[in-house]
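Please treat every number below as a calculation from the coordinates, not as lab data. Because the structure is a prediction, the values reported are computed rather than measured. All Cβ positions, glycine included, derive from the backbone under ideal geometry; neighbour counts span all protein chains shown.
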Amino acid sequence: MSALARSGRTRTPLVSFRPNSPFRFHQAGTDAATAQDGRGGEVCHTTLAQFTRNVLARHPQQFRLDPAGTSLPCLPREAWPGFDFTGKRALFLLPSQALGSNVCTLLFLAALRDRYRLRGVGVFCAGSAADIYRTDPAIEVFTLWIGARDMKRFDVLVDLGHLESRRDIDIWPVDMEGELLEAFGGIPPAPTYPPTARALPKDRPARIAVMPLSSTPMRTLPPAVAGALVAGLSTRGQVTLCLNDNQQQGRLYHRALSLPAGVPVVDSYPTVGGLLRALADFDYAVLADSGPAHMTKLFALPGMAIYSSAPPTVLQGRFRNLAPWTVPFVGPDCAAPCGLAKLRIAADGRVGCMGSLSLPLDRLPRVAQAADPAAVERLLLQDPIPCIAHLGGMGTTVVLAALQDFDARLRE
């Protein structure tokens, strides 16, 4: 590694550990191929708190942890734009497991590889997002940790946490692919991932997905709207409702939703890889603002995405495969899109957003981090935040927009 490539230090918090004997571990919710084998006695590094807490710390007889943490030499942030990666093997430290963020990082890595003809690309600490990187066989994926022996095979380490430290995505999203391309010198995007949608089939009925769930009730579609979409789109092809029983919202949907007879329902995809393969096989989709909406970029999947708190122009970036539809809500305390990524907590403990709590953002400094099943059920079924409540009364309008988009694409 050159002096420049090691003149910075990683910013993303790392935990170092040494296994006493060989071991194997598989990240839940990912394909079996993401499992890792660890070598006994080798120094390893991870960023994943859940893995550290639930595996390493619970087995002190097997793993010796460095309680002080560590940092590693890496390419400094200011050197990213002018650094010559030509012919090198580059390793990237991933600061987040967010599915949408990692989709955009995958798109960037393909562009960097094209620009510099890299000899190798690796990512480590992908965690539950590991299957996303496995869609590109040229990327070496270290799901949960990386050992010293593997790290030595790379010429340069880049901590992408240096980019994410500049932004507060809790109050306004970013176009992650665009930011990364610009941060590394304004390199062009990879032609492997075209921004326009592939054509709908004309020789058979379309396979259509309705994916109403997001990671928060702020962006999950009301059950009545999802039901209306299923019924309306069934006039255009075979519709599948895709849920996630691993989420409380997915389980609540089963209780609240009434569907026409014969509609296939996928309760959950066991792995992120399974979800990716399903998306690749659909012909059209209507989605909430979610990780799967970002995943459609990888397959040029046509469809429509429904946005509430986040602006589609930012989240979709250069991609035009999904037609954006934003909730037309304006209230006394907020308007859509407001930019919030997560629910907030008021001083009295109430959970919601500016509109539902009737408070300005500066009175809601804390993000709701801990799981709160009662709040999720209330906001999904009984008392949605104002923009989602407004969306709940617009089922006919939303279905008409989806049908018009589908028919326009079919005519192309």
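Starting from the Cα of residue 28, step 7 Å along the direction of its Cβ; do the same at residue 268; then give the gap between the two resulting points in nm.
Here the modelled spin labels are 0.8 nm apart.
At 7 Å along Cα-to-Cβ for each site, give me the label-to-label distance between residue 246 and residue 397 in nm.
The answer from the label model is 3.5 nm.
So if R0 is 22 Å, what FRET efficiency would residue 318 and residue 169 give, r being the distance between their Cβ atoms, rounded to the nearest 0.05? Don't skip to the answer; put the middle values down first.
Values: r = 19 Å, r/R0 = 0.85.
E between residue 318 and residue 169, to the nearest 0.05, is 0.70.
Once label points are set 7 Å from the Cα along Cα→Cβ at both residue 119 and residue 348, what is their separation, rounded to one decimal in nm?
6.4 nm
Calculate, in nm to one decimal, what residue 203 and residue 361 gain on full extension: separation in residues at 0.36 nm each, minus their alpha carbon distance. Please list the in-between numbers first.
Numbers: separation 158, 0.36 × 158 = 56.88 nm, distance 5.13 nm.
Value of the extension gain: 51.7 nm.
Placing +1 at every Lys and Arg Cβ and -1 at every Asp and Glu Cβ, with all other atoms neutral, what dipole size does the stretch 8-183 have around its Cα centre, in debye to the nearest 20?
Working: 21 positive and 20 negative charges, 157 e Å.
In total the dipole reaches around 760 debye.
Please sort 32-43, 364-375 by packing, taking for each peptide the average over its residues of neighbouring beta carbons within 10 angstrom, highest first. Numbers along the way, then the final one.
Numbers: 32-43: 14.7, 364-375: 12.2.
Highest to lowest by the protection proxy: 32-43, 364-375.
Please identify which residues in the stretch 199-234 have an amide N closer than 18 Å to a label point set 7 Å out from the Cα of residue 383, following the Cα→Cβ vector.
Answer for the stretch 199-234: 217-219.
What residues from the stretch 196-212 fall in the zone where the backbone N is under 18 Å from a label point 7 Å along the Cα-to-C-beta line of residue 235?
Counting only backbone N, you get 205-210.
Taking only the Cα atoms of the stretch 8-183, how large is their convex hull per residue, in Å³? Present the calculation step by step, with values, prior to reporting the outcome.
Values: hull volume 20.2 nm³, N = 176.
Looking at the stretch 8-183, the number lands at 115 Å³ per residue.
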